[in-house]
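Asker: Have a look at this one.
The values are calculated or read from the model by the stated rules, or taken from the named source; none is laboratory data. Note that the structure is a prediction, hence the values are computed from the model and not measured. Cβ placement follows ideal geometry from the backbone for every residue including glycine, while neighbour counts extend to all protein chains displayed. The area values use the complete protein model at the heavy-atom level, side chains included, leaving out ligands, DNA and RNA. Shrake-Rupley method; radii C 1.70, N 1.55, O 1.52, S 1.80 Å.
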Amino acid sequence: MRLAVPDLVSNSYFPAIAAVELGYLRDEGLDVEWELLFPVTDAAIALREGRIDYLAGCAHAPLYADSAWGEQKLLAALAQNMYWFLVVRPDLDVTRETLAKLHDVRIGAAPGPDLGLRRLLEAEGVDLAGAGVTIAPVAGVAGDVSFGVTAARALEEGRIDAFWANGMGTEVAVQRGVGKVVVDARRDGSAHSLYTFPALMTTDRTAAERPDEVAAVTRGVLRAQRELRRDPSLATRVGTALFPEMEAGLIAGLIERDGPFYEPAISPEAAAGLAGFARATGLTDRELSYDDIVAAGARELWQAS
């Protein structure tokens, strides 16, 4: 079986990677391999087409494969709330309270996550075109690197003025002194935090044809959530095997910080926030219901965990 993630050297989808690397899926009797498939917009299409079996990505990803949402379903939240950071160069005179004053800046953001930033800034009163704010992918990002870490390097080199990316890229930029955090979407406390979240997903066809497998994959990933929340140092084992040295040293701290958000349940409020975000950004014109978004039977697995 193939489980894809759109970013590897990152905390964003770490419970899914850890479920493979720490043997929790093997303990469920499964032979699962993870693969890096960037960007998440392409990964969602690969899931729909059956080229992968499971995807750990942003919860709105299915809409890039089918604007009607189609035959993909969320199995669990990998963590709660929108999970990206807006990081700017240190000399940029902007704070969380003065986002509306952003002007003439180049912001690096990956396809998929970029929509969360666009919606957030527009809601804060930023006229992107009028203010000369550009949001675009960072040159040089391919399928074998982390978007956030690459964005931090681009910020350091002056190729961009800001980036919107994961906690790992944010931490690298802050520790190197090349960036400051303006928005922490997960902890923002506003409606923006409910736009999307990291999720495990599959297709209706897989769920119908292999229900025991789907349940086992979900249980293994939820076990990784629980164990990482209990003992964040487990993340170092995974990071040492897969990440560069600096990032391997940072991952346990990031996972410990994310631990309070490691809750697999997708609440009606979270689903409604996702549906509203999808309509507001033009990803769909449908009124998505909870059952459109969340796989049948998923709630029983969350409760059992």
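Asker: In the stretch 266-298, which residues are at pLDDT 95 or above and under 18 Å from A207 (Cα atoms)? Don't jump to the end; show me each part of the working.
Answerer: First pass over the stretch 266-298, keeping only residues at pLDDT 95 or above: 266-295, 298.
Residues satisfying the conditions are I266, Y290, D291, D292, I293, V294, A295, A298.
Asker: From the list E213, E263, which residue is of a type in the set (D, E), touching a residue at least 60 places away in the same chain (Cβ under 8 Å) and either closer than 18 Å to E28 by Cα or touching a helix residue (DSSP H, G or I) at 6+ places or on another chain (Cβ under 7 Å) (or both)?
Answerer: Values: E263 fails: either closer than 18 Å to E28 by Cα or touching a helix residue (DSSP H, G or I) at 6+ places or on another chain (Cβ under 7 Å) (or both).
Testing whether each residue is of a type in the set (D, E), touching a residue at least 60 places away in the same chain (Cβ under 8 Å) and either closer than 18 Å to E28 by Cα or touching a helix residue (DSSP H, G or I) at 6+ places or on another chain (Cβ under 7 Å) (or both) leaves just E213.
Asker: Let me ask you something else. Here is a list of conditions, (1) open to solvent by less than 10 Å² (accessible area, probe 1.4 Å); (2) part of a strand (DSSP E or B), and L222 meets all of them except one; can you say which number that is?
Answerer: Of the numbered conditions (1) open to solvent by less than 10 Å² (accessible area, probe 1.4 Å); (2) part of a strand (DSSP E or B), the odd one out for L222 is (2).
Asker: Just the residues that are of a type in the set (D, E), assigned to a loop (DSSP other than H, G, I, E, B) and within 26 Å of F277 (Cα to Cα), please, taken from the stretch 121-157.
Answerer: Let us first name the residues in the stretch 121-157 that are of a type in the set (D, E), namely 122, 124, 127, 144, 156-157.
With assigned to a loop (DSSP other than H, G, I, E, B) added as a condition, the list becomes 124, 127, 144, 157.
Scanning the stretch 121-157 gives E124, D127.
Asker: Separate question: Go through R219, R205, R237 for me and flag whichever is in contact with a helix residue (DSSP H, G or I) (Cβ under 7 Å, 6 or more places away or on another chain) and charged (D, E, K, R).
Answerer: Numbers: R205 fails: in contact with a helix residue (DSSP H, G or I) (Cβ under 7 Å, 6 or more places away or on another chain); R237 fails: in contact with a helix residue (DSSP H, G or I) (Cβ under 7 Å, 6 or more places away or on another chain).
The unique qualifying residue is R219.
Asker: Assess whether A43 counts as being without any contact (Cβ under 8 Å) to a residue 60 or more places away in the chain, touching a Pro at 6+ places or on another chain (Cβ under 7 Å) and among the hydrophobic types (A, V, I, L, M, F, W, C).
Answerer: Details: without any contact (Cβ under 8 Å) to a residue 60 or more places away in the chain: yes; touching a Pro at 6+ places or on another chain (Cβ under 7 Å): yes; among the hydrophobic types (A, V, I, L, M, F, W, C): yes.
In short, yes.
Asker: I'd like the full set of residues that are outside any loop (DSSP other than H, G, I, E, B), in contact with a strand residue (DSSP E or B) (Cβ under 9 Å, 6 or more places away or on another chain) and open to solvent by 20 Å² or more (accessible area, probe 1.4 Å), limited to the stretch 6-36.
Answerer: Result: V20, E21, E33, W34, E35, L36.
Asker: Check whether at least one residue in the stretch 185-196 is farther than 30 Å from L120 by Cα, surrounded by fewer than 22 Cβ atoms within 10 Å (Cβ to Cβ) and out of contact with any Leu (no Cβ under 7 Å at 6 or more places or on another chain), and report yes or no. Break it down into steps so the answer makes sense when it comes.
Answerer: Initially, the stretch 185-196 is screened for residues farther than 30 Å from L120 by Cα, giving none.
No - not one qualifying residue is present in the stretch 185-196.
Asker: For the stretch 93-120, which residues satisfy the criterion of being open to solvent by 30 Å² or more (accessible area, probe 1.4 Å), part of a loop (DSSP other than H, G, I, E, B) and aliphatic (A, V, I, L, M)?
Answerer: Answer for the stretch 93-120, where residues must be open to solvent by 30 Å² or more (accessible area, probe 1.4 Å), part of a loop (DSSP other than H, G, I, E, B) and aliphatic (A, V, I, L, M): there is none.
Asker: Filter the stretch 70-92 down to the residues that are of a type in the set (D, E, K, R) and at pLDDT 95 or above, then identify the one that is most open to solvent (accessible area, probe 1.4 Å).
Answerer: Filtering the stretch 70-92 down to residues of a type in the set (D, E, K, R) leaves 71, 73, 89, 91.
Next, from what is left, pick out any that are at pLDDT 95 or above: 73, 89, 91.
Working: K73: 27, R89: 73, D91: 111 Å².
Restricting to residues being of a type in the set (D, E, K, R) and at pLDDT 95 or above, the top hit is D91.
Asker: Still on this structure, I have one more. Tell me whether the stretch 37-49 contains one or more residues that are surrounded by fewer than 21 Cβ atoms within 10 Å (Cβ to Cβ), out of contact with any strand residue (DSSP E or B) (no Cβ under 7 Å at 6 or more places or on another chain) and assigned to a loop (DSSP other than H, G, I, E, B).
Answerer: There is at least one residue in the stretch 37-49 that is surrounded by fewer than 21 Cβ atoms within 10 Å (Cβ to Cβ), out of contact with any strand residue (DSSP E or B) (no Cβ under 7 Å at 6 or more places or on another chain) and assigned to a loop (DSSP other than H, G, I, E, B).
Asker: Go through the stretch 53-69 and give me each residue that's aliphatic (A, V, I, L, M) and crowded, with 21+ Cβ neighbours inside 10 Å. Full working, then the answer.
Answerer: The initial filter retains those residues of the stretch 53-69 that are aliphatic (A, V, I, L, M), namely 55-56, 59, 61, 63, 65, 68.
Selection gives L55, A56, A59, A61, L63, A65.
Asker: I'd like the residue in the stretch 174-184 that is assigned to a strand (DSSP E or B) and either of a type in the set (V, I, T) or loosely packed, with under 15 Cβ neighbours inside 10 Å (or both) and, out of all such residues, is nearest to the chain's Cα centre (by Cα).
Answerer: Across the stretch 174-184, the extreme among qualifying residues is V183.
Asker: Run down E171, E209 and say which single residue is of a type in the set (D, E, K, R), in contact with a Leu (Cβ under 8 Å, 6 or more places away or on another chain) and open to solvent by 20 Å² or more (accessible area, probe 1.4 Å).
Answerer: Details: E209 fails: in contact with a Leu (Cβ under 8 Å, 6 or more places away or on another chain).
After applying the criteria, what remains is E171.
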